[in-house]
Amino acid sequence: MTTFLQAVAGGLGQGSVYALLALGFVIIYKSMRVVSFAQPAFMLAGALAVSFLAEALLGIPSPWGFFLALVLGAVGVALLGLGIERTVIRPMVGKPVFVIAIITLGIDIVVRLVANIFIGLDVRPVGDPWGLNSINLGGVQVQERHIVMLVTTVLLVAVLFSFFKYSRLGLAMRAASFNQETALAQGISVGTVFATSWAMAGALAAVAGTFQATGAGIDQNLWIIGLKALPAIILGGLDSLGGAVIGGFTVGLVESLVATYQGDFAPWLGQNFSVVSAYVVMLLVLLVRPYGLFGTKEVERV
Amino acid sequence: MTEQRSTSVSTKASRQLWGRPELYTSYGQNLRMLNTRPKQVAVVAMVLLAATYVPFGLPDEWLHLFAMGLAAAIGAIGLNIVTGYAGQVSLGHAFFLAIGAYTASALSGEPGRRTIGFGITFLPLWLLAAGVVAGVAGVIVAPLATRLRGLYLAIVTLGLVFLGLHIFKEWKALTGGPGVGRQGPVPEMFGQRLDRNGDLLTGDQKMYLLTLVLLVIFAVFARNLVRSKVGRAFAAVRDRDIAADVIGVSVTRYKVLAFGISSFYAGCAGALLYAVLGRVEPDSFNLLLSIQFVAMVLIGGAGTISGSIMGALFITMLPRLTQELPTVLPFISSDVTAPLGAANLAIIFYGLMIILFLIFEPRGLFGIWIRIRNYFKAWPFSY
Amino acid sequence: MTSRTTQLLAGLSALALIATGCGRGDSGGGGGGGEGAVRTDVGVTAEPCKDTPNLTKGCIFLGTISDLTSGPFKALAVPITEAQKKFWERVNKSGGIDGYGVDVTTYVRDNKYNPETHNQVYQEIKSKVLGLAQTLGSPTTAAIIGDLGDNNIVSVPASWTSAWAFEDVILESGTNYCLESMNAIDYAVEQFKPKSVMAVHYPGDYGEDAAAGAKVAAEKNGLTFEAVETASGQDNQAGAINAVNSKKPDLVILTTGPTDAAVIVGQTAARGFTGKYIGTSPTWNPGLLKSPAGPAFKALYLQSGPWETFTADTPGHKNMREILGAGVTGNDGYTAGWVWSYPLQAALKKAVENKDLTREGLLKAVKQLDKVDYEGMLPASAGNFSGDANAGVVRETMIAKPDESSPTGVSTVKTFFVGPTAKDYKFDKPCFQS
């Protein structure tokens, strides 16, 4: 039982990273119907920015210096997202979505490479105050960082959902995602909606990247985690915010449980089967529900 | 393709004028494989040049690269069939390349080693087997594609790459395991090793000529396919699948066909590519490889065979070309480890190239060619 | 297809095949020279190197294939390459190889620690170099070893696989992973009496060589043994972490790269693992102490190695530090790159003395080496490439522990020793052969 709970705790911590990333994907998808493959790069850039900022803000007592760095880093990547949307994505509005998706792949490659140059040769610590410390919760060893990740994610999700529910801009974004032309006719600036969605996705990816880097540090391969959010959004449905959060946590839990038990029960699946378990779950769900668990079914008109 | 039609076409073609490249005097002519005189001349000249000057005028090192590019071009044509012509976005090409590479490696491998080998080194045999096995895998995957649309399909095929990667890493008897790999397919014909230096030709020359001949065959076949009934059905599915269904094109059937043919091409390309490279490592069949093929198609120009070939050659040469950059542009460091060194630049170029091409020239290298041609066509009034 | 195009294409394909009739002649060029001149073939030019115009006899080109940008050993490979550059600069400053300059900077290529890439860049440079000043990685070098042998290309490996002792063209220095792991286990038995050993290792010649040695030593000492293979990449370590945490061995022999070592050691410790780790030298990187796994490394980790670390005070170490200059932060990549270069220098010298600087001549010179002057960096008996592997192999290992005050992050706890297992081991075939 302890092993199980420990796996669940780790899974929820890791799942919060996927949930944040998945939210970013879904926000962009809802605004422009495009899957942005640039999220992994934003994630790497965010973690890197935070690591430099945390170093600069060492004077501020822990853990507040790190949180300040996290906020500043997220803002920085949001601005980066804004800039890229404005210069590269905006001119492409109206082109086939697949072309834009491939452009984001190009962005991903360029941003990641620039980030790699700053990482350097060694593994770069992200500067978080928790390291690998863990606390004992009723006999279960839970890593401190996982608790912080989970709490922060829950807070961020709450803020996001109330933003979409109550704020003017949030409502505008929902309206635009429902029907762009009608929204335009109602006086909503679709351009602002695009820009905001890219900035939000950038900030969320930055937080996710930083969380992912706690524990082991920033390595050039950190971005691969960003692709794990893809099964999460497909699970939840490409255009469902709630689905993204649920999908993210599901992927985290599945991975953690598979990593814990598969070695004993199904060793023939291979040693690191947990890494791809999310994709297997994704395929299984899609066989039953082609638009994910919570996605909207597209109505085809000729 | 009856004898009767071909004679009628050739009489019409003889009436064609020089300098009017897009003047078609009949529907039959429009449908021909090389539908204009300049195209006929240009293609023949290019193939002649590639078959005579290149293998004897260029150093082996470049032939090796060209051979890789030509093998990759077969794969790019395959991806173009499913993505450019039939409109099914696939990020899973690396998976089918891998199946081809491993089928061929296993068939041609030496028996009794650490990795599976059957000792069947006769090239046409393992090449065909590689294509068929990959093609069957494509047909198996295709039903998913008929259920899914657009980006869902892209992400699922991406999932395929990750699952494949896992299987190839774990199946050590076949692949040698990650970080180790195994010997690639052994290209042998009539008792002659094509990748080893012989009395007359070097290994690189032989491999280059082999890939060239095969590419010509595969390209002709693809061009024939897309100008036939099947090709038009692909385009109908791509442009509006429901409309296609309504006018009697079986969407499922053609999607499955497109995936099958595309995977057959990918399998053959994978086998050939790794016969040229000499070593297969499971980690190389990752997302980046898929992206490289997508880049070949997009940079070359989606929906054109010649574009795929140009794109494949360009992407394959890119790392090598950036290595030459420091000699031309002194501010670029030739030091591999430098931040703006050649190695990093090559990767940045990929990214920038994809972005810039899609923004400014969505028709790719093929589009640039069209522009150049139009410029000279309209000369002296080209503005 | 129209009949005319069919004919045309058939004709063209045929042409391509017929073209095979006019082949390319013998490509082996250069060389020759009059009576008493040094014979040369590939990779040696009569013009001096561009950096050493004063060495007028000519220029010897050596290639380097290393993990320079994105592989798991980049943090080690860059200093290795830098140290070798300085080593050969020093050789050039003191008159070169009897008047020949040595160029190791023109043909430097990145292998990304991928055998496929390694083979590809090797094909690119092989016709331009006499030998390889560095070919990094065991599985990567295994991918080209056949071709190296066929073409008599003498090469310095940046790895310590036991198979190299059986390859004529490979100039290995120091003990191999196999014997090193035996020594590590013998040391652990003497120090903290473990009952169970687990080898957590990369696949291929690097990790599996160490695991094979560990197995021999574990059996000899009556310990239970288990090997767990793990691929490189942070996200691939879940299996290894779970294996260590569930089996709880007393001792883990770790043969991975530094990043993956950080994940494994850090995460297992975070989940309550208290056994010991001993890592082979490519596993270590000074940056690990600053990583979140730093405390775990200090508590659990020891480091085995084929020679003393960067800060030791043998004449060779001192020379190296002096040439590298004060601006360099200590890293055992430098030490390794430096040590590895001595035998190649000795072989080149011998080849010039023999008046035969062809590839074959260089290989002949290697086989004549029975001793190499490592300036005290290795035991005096090291560097015997003339006899059989069992006689020539170096068996000494040293053990270090993490130490923040040392620039390389480790300080020696036990200097050169040969454990009982390694001493008796009859080294007549590679411990692991891929």
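Could you check A:Asp128 against (1) within 14 Å of chain C (Cβ to nearest Cβ); (2) surrounded by fewer than 20 Cβ atoms within 10 Å (Cβ to Cβ); (3) among the acidic types (Asp, Glu) and say which number it fails?
(2)
Out of the stretch B:182-201, which residues are at pLDDT 80 or above and at the interface with another protein chain (Cβ under 10 Å from one of its Cβ atoms)?
B:Arg182, B:Gln183, B:Gly184, B:Leu201
Among the residues of the stretch C:224-256, write down those that are within 20 Å of C:Pro194 (Cβ to Cβ) and in a strand (DSSP E or B).
C:Thr224, C:Phe225, C:Glu226, C:Ala227, C:Val228, C:Leu251, C:Val252, C:Ile253, C:Leu254, C:Thr255, listed by residue number.
Looking at this structure, is C:Ile65 touching a strand residue (DSSP E or B) at 6+ places or on another chain (Cβ under 6 Å), among the hydrophobic types (A, V, I, L, M, F, W, C), assigned by TED's automatic domain parsing to the domain that holds C:Asp147 and assigned to a strand (DSSP E or B)?
Yes.
Go through B:Gly150, B:Gly184, B:Gly164, B:Gly176 for me and flag whichever is among the small types (Gly, Ala, Ser), touching a residue at least 24 places away in the same chain (Cβ under 8 Å) and touching a Gly at 6+ places or on another chain (Cβ under 7 Å).
Sole residue among the options that is among the small types (Gly, Ala, Ser), touching a residue at least 24 places away in the same chain (Cβ under 8 Å) and touching a Gly at 6+ places or on another chain (Cβ under 7 Å): B:Gly184.
Check whether at least one residue in the stretch C:224-232 is at pLDDT below 90, farther than 24 Å from C:Gly204 by Cβ, out of contact with any helix residue (DSSP H, G or I) (no Cβ under 6 Å at 6 or more places or on another chain) and not β-branched (Val, Ile, Thr), and report yes or no.
no
Right, A:Leu253: surrounded by fewer than 20 Cβ atoms within 10 Å (Cβ to Cβ) and either of a type in the set (Gly, Ala, Ser) or touching a residue at least 40 places away in the same chain (Cβ under 8 Å) (or both) or not?
It is true that A:Leu253 is surrounded by fewer than 20 Cβ atoms within 10 Å (Cβ to Cβ) and either of a type in the set (Gly, Ala, Ser) or touching a residue at least 40 places away in the same chain (Cβ under 8 Å) (or both).
Can you tell me which residue within the stretch A:203-254, out of those that are more than 14 Å from chain C (Cβ to nearest Cβ) and polar (S, T, N, Q), is nearest to B:Asp283 (Cα to Cα)?
So the residue we want is A:Thr250.
I'm trying to understand the selection: among the residues of the stretch C:308-351, which are among the aromatic types (Phe, Trp, Tyr) and closer than 15 Å to C:Gly383 by Cβ?
Matches in the stretch C:308-351: C:Trp338, C:Trp340, C:Tyr342.
Checking the conditions here, which among C:Val339, C:Val328, C:Val366 is in the same structural domain as C:Val104 (by TED's automatic domain parsing), out of contact with any strand residue (DSSP E or B) (no Cβ under 8 Å at 6 or more places or on another chain), aliphatic (A, V, I, L, M) and surrounded by fewer than 22 Cβ atoms within 10 Å (Cβ to Cβ)?
Answer to the check: C:Val328.
I'm checking my understanding of the structure. Among residues of the stretch A:84-125 that are among the charged types (D, E, K, R) and away from chain C (no Cβ under 14 Å), which one is farthest from C:Phe73 (Cα to Cα)?
For the stretch A:84-125, the residue satisfying everything is A:Lys95.
Just give me the residues in the stretch B:171-208 being surrounded by 24 or more Cβ atoms within 10 Å (Cβ to Cβ) and part of a helix (DSSP H, G or I), in sequence order.
If the condition is that a residue be surrounded by 24 or more Cβ atoms within 10 Å (Cβ to Cβ) and part of a helix (DSSP H, G or I), then B:Thr175, B:Asp204, B:Gln205, B:Lys206, B:Met207, B:Tyr208 are the ones that fit.
Pull out all pairs, ordered by first then second residue, where Cβ-Cβ is under 9 Å, the residues are six or more apart or on different chains, the first lies in the stretch C:337-349 and is free of Cβ contacts under 8 Å to residues at least 60 places away in the same chain, and the second is of a type in the set (Lys, Arg).
From the stretch C:337-349, the pairs are C:Ala346/C:Lys371.
If I ask for residues that are in a helix (DSSP H, G or I), assigned by TED's automatic domain parsing to the domain that holds C:Thr255 and crowded, with 19+ Cβ neighbours inside 10 Å, which ones from the stretch C:290-322 would you list?
Within the stretch C:290-322, C:Gly294, C:Ala296, C:Phe297, C:Leu300 meet the criteria.
Within the stretch C:42-74, can you find the residues that are aliphatic (A, V, I, L, M), buried (at least 24 other Cβ atoms within 10 Å of the Cβ) and within 14 Å of another protein chain (Cβ to nearest Cβ)?
Within the stretch C:42-74, C:Ile65, C:Leu68 qualify.
How many of the residues making up the stretch A:228-246 are crowded, with 23+ Cβ neighbours inside 10 Å and either under 11 Å from the mean Cα position of the chain (by Cα) or aliphatic (A, V, I, L, M) (or both)?
10
Please enumerate the residues belonging to the stretch A:99-108 that are more than 10 Å from A:Ser36 (Cα to Cα) and either surrounded by fewer than 24 Cβ atoms within 10 Å (Cβ to Cβ) or within 17 Å of the chain's Cα centre (by Cα) (or both).
Result: A:Val99, single match.
Based on this model, can you work out whether A:Thr196 counts as closer than 19 Å to A:Ala101 by Cα and of a type outside the set (Lys, Arg)?
yes
Could you check how many residues of the stretch A:269-289 are surrounded by fewer than 22 Cβ atoms within 10 Å (Cβ to Cβ), among the aliphatic types (A, V, I, L, M) and either more than 7 Å from every other protein chain (Cβ to nearest Cβ) or farther than 14 Å from B:Tyr152 by Cα (or both)?
7
Tell me the residue from B:Gly159, B:Gly131, B:Gly117 that is part of a helix (DSSP H, G or I), more than 9 Å from chain A (Cβ to nearest Cβ) and buried (at least 17 other Cβ atoms within 10 Å of the Cβ), please.
Among B:Gly159, B:Gly131, B:Gly117, only B:Gly131 is part of a helix (DSSP H, G or I), more than 9 Å from chain A (Cβ to nearest Cβ) and buried (at least 17 other Cβ atoms within 10 Å of the Cβ).
State which residue pairs qualify: first residue farther than 16 Å from C:Ile399 by Cβ and inside the stretch C:169-193, second residue among the polar types (S, T, N, Q) and in a helix (DSSP H, G or I) in any location, beta carbons under 8 Å apart, and separation of 6 or more residues or different chains.
C:Ile170/C:Thr141; C:Asn176/C:Ser162; C:Cys178/C:Ser162
With the structure loaded, tell me whether A:Leu20 is modelled with pLDDT of 90 or more, more than 25 Å from A:Leu235 (Cα to Cα) and either not in a helix (DSSP H, G or I) or not small (Gly, Ala, Ser) (or both) or whether it fails that test.
When the stated conditions are applied, A:Leu20 does not pass them.
Going by the structure shown, is C:Lys276 under 26 Å from A:Ser256 (Cα atoms), outside the structural domain of C:Asp67 (by TED's automatic domain parsing) and of a type in the set (D, E, K, R)?
Yes, satisfied.
Would you point out the residue of the stretch C:326-377, among those that are part of a helix (DSSP H, G or I) and among the charged types (D, E, K, R), that is farthest from C:Ala133 (Cα to Cα)?
Among residues in the stretch C:326-377 that are part of a helix (DSSP H, G or I) and among the charged types (D, E, K, R), the one farthest from C:Ala133 (Cα to Cα) is C:Glu353.
The values are calculated or read from the model by the stated rules, or taken from the named source; none is laboratory data. This is a predicted model, so every value here is computed, not measured. Glycine gets a Cβ as well: all are built from the backbone with ideal geometry, and neighbour counts include every protein chain shown.
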